[in-house]
Amino acid sequence: MFILGVTGAIASGKSTVENMLEKQGIPTLDADQVVHQLYLKDQPVQQQLLKWLGADILTPAGDIDRRKLSNHLRKNPSDTSKLEQIVHPAVRQFIQQWLHQQHQNNVQMVALSVPLMFDAGFNKLCDLVLACVSTSEIRKQRFMARDNASLAKWQMISQKQMTDAEYQQMADFALNTQQPIEETAQQLAQIVKKCHSIKATAYNLWA
């Protein structure tokens with residue numbers, strides 16, 4: 001089973017590419033959505049964060065409030081490493097279980113979308129990595145069009161992430177997501193075709 005990593009900076013078009021891969025019949029797991037699930041009420045990660053940061057970090061429903069958590073990290077940047085120590089192992093375990101299920105279903109290729117692919121070392125657990133890239137200005141426009149977006153939030157997130165040039169340098173493929181969507185889809189199809197011709201070995205690292 002071939003594991004294609006998908007990554008890129010904020011608002012680089014990862015969700016669009018994930019949808020394209022799904023339409024090609026390639027099961028795709030978004031690590032950010034995994035974190036959303038881990039933050040729900042009564043999940044082990046939620047319980048650990050509750051003990052650490054207290055009930056003020058919760059929504060009225062008892063889930064982790066991501067906005068409050070983000071505000072806490074902005075005020076206490078040194079706590080980022082502690083958060084990663086709690087979240088990253090849980091994300092990896094979730095991904096591992098998902099991959100095993102796909103393998104049992106005889107799936108030939110899957111995609112893992114991880115925003116912090118290189119920061120968290122998940123690139124070492126993929127056969128190849130695709131980076132979604134576009135100019136900073138285009139990404140800023142996309143981000144500012146989102147709900148609850150602000151310039152301060154854009155600056156806070158973008159300053160912590162690698163540049164598009166760094167993503168292109170570290171990834172095996174760079175997918176231009178600011179071109180017409182039809183051209184992006186064609187370029188992605190070519191990348192997928194190339195992946196099918198390469199021997200898959202990364203799954204053994206998860207097994």
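The values are calculated or read from the model by the stated rules, or taken from the named source; none is laboratory data. Not measured: the values here are computed from a predicted model. Every residue, glycine as well, gets a Cβ built from its backbone with ideal geometry; the counts of neighbours run over all protein chains shown.
Can you say whether Ile191 is part of a loop (DSSP other than H, G, I, E, B), among the aliphatic types (A, V, I, L, M) and touching a strand residue (DSSP E or B) at 6+ places or on another chain (Cβ under 8 Å), as far as the supplied structure shows? No, not satisfied. Mind checking which pairs have a first residue in the range 59-85 that is at pLDDT 90 or above and a second that is hydroxyl-bearing (Ser, Thr, Tyr) and part of a loop (DSSP other than H, G, I, E, B), Cβ under 6 Å, 6 or more apart or different chains? Once the first residue is at pLDDT 90 or above and sits in the range 59-85, its partners that are hydroxyl-bearing (Ser, Thr, Tyr) and part of a loop (DSSP other than H, G, I, E, B) give Asp63/Tyr39; Ile64/Tyr39; Asp65/Thr59.
Restricted to the range 111-130, and to residues that are at pLDDT 95 or above and assigned to a loop (DSSP other than H, G, I, E, B), which residue is nearest to Leu29 (Cα to Cα)? Here the residue is Cys126. Looking at Ala11, is it of a type in the set (Gly, Ala, Ser), assigned to a loop (DSSP other than H, G, I, E, B) and in the same structural domain as Asn148 (by TED's automatic domain parsing)? Yes, satisfied.
For Lys23, are the conditions met, namely being charged (D, E, K, R) and outside the structural domain of Leu151 (by TED's automatic domain parsing)? In short, no. Would you check if Leu53 is more than 19 Å from Lys153 (Cα to Cα), in contact with a Phe, Trp or Tyr (Cβ under 7 Å, 6 or more places away or on another chain), hydrophobic (A, V, I, L, M, F, W, C) and outside the structural domain of Asp119 (by TED's automatic domain parsing)? No.
Just to be sure, is Leu58 within 22 Å of Ala149 (Cα to Cα) and outside the structural domain of Lys140 (by TED's automatic domain parsing)?
On the way: within 22 Å of Ala149 (Cα to Cα): yes; outside the structural domain of Lys140 (by TED's automatic domain parsing): yes.
For Leu58, the condition - within 22 Å of Ala149 (Cα to Cα) and outside the structural domain of Lys140 (by TED's automatic domain parsing) - is met.
The numbered conditions (1) under 16 Å from the mean Cα position of the chain (by Cα); (2) part of a helix (DSSP H, G or I); (3) outside the structural domain of Val45 (by TED's automatic domain parsing) are all true for Gln96 except (3).
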